[in-house]
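Inspection log for the structure reproduced underneath, given as structure tokens.
Here, each number is a calculation from the coordinates, and none is a lab measurement. These numbers come from a predicted model, not from an experiment. Counting neighbours? That spans all protein chains shown, and the Cβs are built from the backbone with ideal geometry, glycine included.
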Amino acid sequence: MLIRRKKGWEIPERDTTPQSVYQNRRQFLKGIAAGSIGATAASLPISSALAQGAASTADLYPVSRNPAYTVDRELTEKAKALTYNNFYEFGSHKSISQAAQAMNVRPWTVKIDGLVENPIEIDFEDLVRKMPLEERVYRFRCVEAWAMTVPWSGFPMKALVDFAKPLSGAKYVEMETASQKDTMPGLRQFWYPWPYIEGLTMAEATNELTMIATGIYGEELPKQNGAPLRLVTPWKYGFKNIKSIVRFTFTDQRPKSFWEDINSDEYGFWANVNPEVPHPRWSQAHERLLNNGESVPTRIYNGYGDYVADMYKGMENEKLFM
Ligand code: MTE
């Protein structure tokens, strides 16, 4: 039986962390930004760890930015986006960037299966080299009410769906994160329903905004941000953005995601950003920008309604936004 324990990101950090620790962390981040802390985030062995003894896709980056996707916010400082993470496989706190360097990301096999014409197991490098790579700047909103703005490199998920050739019965895509018992200490926390699973409807998976990210800030994706490939759905809360994907399964059954499995009263399938629907334990009306801690109003669908609102018409009775 699963023991339902409330953990880290279910509560805004300021409510869970003693103020002194929180302030120290902020000073630490400021230090990184000012370049005053020598051997920390700025010098994480990210690229070297990726390349260690294995082929790399570093030659693919940077890729050209698609000017159609711009935002009205400053980019988040790279050091912050790369050191303030949620990746429960490496711990239920934000400072997992060093621990995540242990993850083995080469070789990396991606399985595409279920209701498809082309079930396949393909090496990540072969896959990414077939895909149309571009950079897009998107806002990102975590359910914990912090937000960042980052340049992702990657490809539209529609390209992967086209590659898989789904059968007409496919209604959803279920995605699964790697389970590496040797490198992921979080997997020993048996009360979580590992592996991390997420899912999208076919309409969501093929929406023009939906990306499979393989890079960030013009470089290969670092391990802590979900190397070598992760989902990016900017109109949904961050927990939908599953990292380090090893499997895409096309199915006629709605997937039950990791967080929905833990607490379905608080985390649903849709998870669309909505300032008017509070999380049962905190408001979603505002968000705290990672760059400067400024609090700004949250927008419906995280400001992406023009691209996505049509997909949810007629679904007013669904448990839509949490
Ligand atoms: N994917 C996996 N496999 N494990 C996780 O714990 N956390 C999610 C999402 N994807 C998570 C995950 C949550 S809660 C958030 S907010 C984002 O990753 C954080 O992405 P970032 O660390 O790149 O900012």
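Data overview
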| read-out | value |
| --- | --- |
| Net +/- balance of residues flanking residue 117 in space, Cβ distance below 14 Å, scoring K and R +1, D and E -1 | -1 |
| Difference of contour (0.36 nm per residue) and Cα-Cα distance, residue 191 to residue 74 | 38.3 nm |
| Whole-Hz ³J(HN,Hα) from phi, Karplus 6.51 cos²θ - 1.76 cosθ + 1.60, for segment 179-190, glycine and proline x | 10, 10, 4, 6, 10, 10, x, x, 5, 6, 7, 5 |
| Karplus (6.51, -1.76, 1.60) ³J(HN,Hα), θ = phi - 60°, over segment 101-116, in Hz, Gly and Pro reported as x | 5, 6, 4, 8, 10, 9, x, 9, 9, 10, 9, 10, 8, x, 7, 9 |
